Amino acid sequence: MLRIDIDEAHVEETPQGVWVRGWIWVEQQALRSCDAMQEAKFRSALADLPQQSRVIYLAHCIEGLTYPAIAAKLDLDVADVQRELAAALLALSIALDET
């Protein structure tokens, strides 16, 4: 359902069309369905990461470990941890943006 309030009747014309502010009704079930799909995509993308990238991502984002702590734990340079985490974040972002 679409609703346009009288006080939101501001329009902006462009060569391609007209922008009109409005409200769009989205049922809760549809939102939960989107959340479930995003979670499934995330879990799949996380599982697809190379093992070291996944371990570093989980250590930093879930366990809250610092780069130096992860580096010490995995016997890596801090720069390697940063590089692996950046690669993991990029891969996850790309996977979640796919439709």
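Quick note: the coordinates plus some simple rules give every number you see, no bench work behind them. None of these values were measured; they are calculated from a predicted model. All Cβ positions, even for glycine, are placed from backbone atoms using ideal geometry, and neighbour counts span all protein chains on display.
What's the exposure ranking of 66, 14, going from fewest to most Cβ atoms within 10 Å? Please list the in-between numbers first.
Values: 66 12, 14 7.
Fewest to most other Cβ atoms nearby, the residues stand as 14, 66.
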Just rank 83, 43, 54, fewest to most, by other beta-carbon atoms within 10 angstrom. 43, 83, 54
Quick one: if you stick a label point 7 Å off each Cα along the C-beta vector at residue 97 and residue 72, how many nm between them? 3.6 nm
With a Förster radius of 25 Å, plug the Cβ-Cβ distance of residue 39 and residue 86 into 1/(1 + (r/R0)^6) and report the FRET value to the nearest 0.05. 0.65
Eigenvalues of the Cα gyration tensor times 5, then square-rooted: what semi-axes does that give for the range 41-87, in whole angstrom, largest first? 19, 11, 8
